[in-house]
Amino acid sequence: MMDRDTQREVVVPGSYKPVEAENLSPFEILVCIPRGIVKGGEVMVLIFLVGGCLFIVEKTGALKEGIVYLTSRLKGKEEIGLVLMGFLFAVGGATEGLEEEIIPLIPVLLVFTRNLGYTPLVTIGISYGAAVIGASFSPINPFGVVIAQKIAEVPFLSGSLFRIIVFIIAFTVWMIVVIRYANKNRMGNQTEELLSLTTFSKSHIAILCLLGFAFALLIYGMLSLGWGFNEISAEFFSIGIFIGLVGGLGLNGTFMAYIEGLKTMTFAAMIGGLAYGIPLVLKEGFIIDSIIYGLFTPLQYVSPMLSAIGMMCSQAFLHLMIPSYSGQAVLTMPILAPLSDLIGLSRDVCVLAFQYGAVLMNMINPTSGALMAIITIAGISYDEWFTFVIKKLLIIFLISAIALVIAISIGF
C-alpha cells in the first residue's frame, strides 16, 4: 500500500501469502540485463562525463602538479592526511549517504594517495569505506536511519547520543586497521622525485582553481539545490570543456580528449550498470518477499538479544539482493517493527539492527553499482577488494553486535 506521509509503497504486516509464480525463462533473465543497465543509466552517465572531465584535467598536466605540491606539504604527516580524508568522507556518509557521488573523486584521490606512497586499496578504504562507516552508524543519514525511523514510528534523532558514541568507536577502529595496513604496504613516497619536475604555469593554476570550484559547486548543489546525478554530470561536462580550452587543448583537442576519457571509463560504467540487473531478476521471480518472510519470522522464537543480532545478520544477507538500503527499509521495517513489539524488543534497537546490517554490507555488496564502479576505476578486482576488506568488516560487525547487546541492556 502507499504510505500517505512518506509517499512510498510499504508492506502491510501480515499480508504475506504464498502464490504460484511462473519461473523466469532464460530469455527473460537475459532481458533483465539491459533493463538493469537502463535503470542504472544516470550512474553510468555520471561515470562517463565526470571521468571524461578529469581525463582532460589530467591531459593538461595541472592535476599531477597540484597533487604533487599538496603531498609535499604532507611529507612526514601522511597518516594525518589519511585521517583527515577519512573523516571528511565519514561525515559525508553520515549526513548525505555518499556512495555514487564518490565516483568522480576516485581518479583524483588515487593520484593523491599514490604520491603519498599508498596503494589503491588504501584509497578506497579511506574514502568509500569511511563513507560506508559514516552512513551505517549515523543518527541523521536521510536514506537510512531517517527512513527506517519514520516507518517504524520512531521519533527523529531518537537515541542520537548512543549512535554518535558507537559511530566514533567504529570510525576510530576502521581508521586504525586501514592505516595499519597502509603502513605495512607502502609503495614508497614519490613526492621528492616528482617535485623537482613540477612547475606551475598560470594556466595550470587557473585549471586547479576551476576544478576546486567544480567540487565546491558539487557540494553546494547536493546540499542546497537538491542536485541528482544528472545535474552533477552536466556540471562536470561543461567544466571539462572549459578546462580544456583554458589548458590550451583547443576545441577539437578538448573533445578528442573527452572521447579518449570516455573510452577509459567504459568498463567501469558497464560494470556499474550490470549490477542493477541482479535485483530485477529476484524481483521479477517473486523471490524477495519469500526471502524476507523466511529470514525474519523465526526471530520471534528466540531471546531479544539473539533476535536483535539475528535481525542484523538477516538484514546483511538481504542487502546482497536489495542494493538500495532505503528500499530495503521500506520492504523490511513494516514487518520488523510489529515483530519487535511482539518479542519485547524496542523499535530503536530494531532500527539499529537495520542500520548496522544493511548499510555496512555496501562495503562488499557485488550488486552495488557504486562499489563495483569505484573499484573498477581504481583497477582493483572484486576478489582483491573482498580479501582486503573482509576481516576489517567483520571487526566492525562485531562492534555492531556488541552495541546491540549494550543497547538492549540499557533499555535503549
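Just a few scattered comments:
- Unmet requirement for Ser303, which otherwise passes all of (1) open to solvent by less than 20 Å² (accessible area, probe 1.4 Å); (2) over 24 Å from the mean Cα position of the chain (by Cα): (1)
For every residue, the table says whether it meets (1) more than 22 Å from Val177 (Cβ to Cβ); (2) hydroxyl-bearing (Ser, Thr, Tyr); (3) touching a residue at least 12 places away in the same chain (Cβ under 8 Å).
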{"position": "Ala373", "(1), (2), (3)": "yes, no, yes"}
{"position": "Thr376", "(1), (2), (3)": "yes, yes, yes"}
{"position": "Gly379", "(1), (2), (3)": "yes, no, yes"}
{"position": "Asp383", "(1), (2), (3)": "no, no, no"}
{"position": "Phe388", "(1), (2), (3)": "no, no, yes"}
{"position": "Lys392", "(1), (2), (3)": "no, no, yes"}
{"position": "Ile402", "(1), (2), (3)": "no, no, no"}
{"position": "Ala407", "(1), (2), (3)": "yes, no, yes"}
{"position": "Gly411", "(1), (2), (3)": "yes, no, yes"}
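- Criterion (of a type in the set (Phe, Trp, Tyr), touching a Gly at 6+ places or on another chain (Cβ under 7 Å) and at pLDDT below 80) met by exactly one of Phe200, Phe143: Phe143
- Qualifying residue in region 38-52 (condition: under 30 Å from Lys184 (Cβ atoms), open to solvent by less than 60 Å² (accessible area, probe 1.4 Å), at pLDDT 75 or above and part of a helix (DSSP H, G or I)): no
- Looking only at region 107-140, and only at residues there that are modelled with pLDDT of 85 or more and among the β-branched types (Val, Ile, Thr), the one that is most open to solvent (accessible area, probe 1.4 Å): Thr119
- Being small (Gly, Ala, Ser) and closer than 22 Å to Ser160 by Cα holds for only one residue in Ser324, Ser346, and it is Ser346.
- Selected residue (only one of Pro104, Pro142 is out of contact with any Ser or Thr (no Cβ under 6 Å at 6 or more places or on another chain) and part of a loop (DSSP other than H, G, I, E, B)): Pro142
- Of all residue pairs spaced 6 or more apart or on separate chains, those with beta-carbon atoms under 8 Å, a first member in region 105-120 that is within 20 Å of Ile47 (Cβ to Cβ) and a second member that is among the acidic types (Asp, Glu) and modelled with pLDDT under 85 are Pro107/Glu58.
- Among the residues of region 331-361, just one is within 19 Å of the chain's Cα centre (by Cα) and open to solvent by 10 Å² or more (accessible area, probe 1.4 Å), namely Met361.
- Odd one out for Ile165 among (1) open to solvent by 10 Å² or more (accessible area, probe 1.4 Å); (2) not in a helix (DSSP H, G or I): (2)
The values are calculated or read from the model by the stated rules, or taken from the named source; none is laboratory data. Values in this document were obtained by computation on a predicted structure and should not be read as measured data. In this analysis, Cβ positions are derived from the backbone assuming ideal geometry, glycine residues included, and neighbour counts consider all displayed protein chains. Side chains included, ligands, DNA and RNA excluded: accessible areas come from the protein's heavy atoms. Shrake-Rupley method; radii C 1.70, N 1.55, O 1.52, S 1.80 Å.
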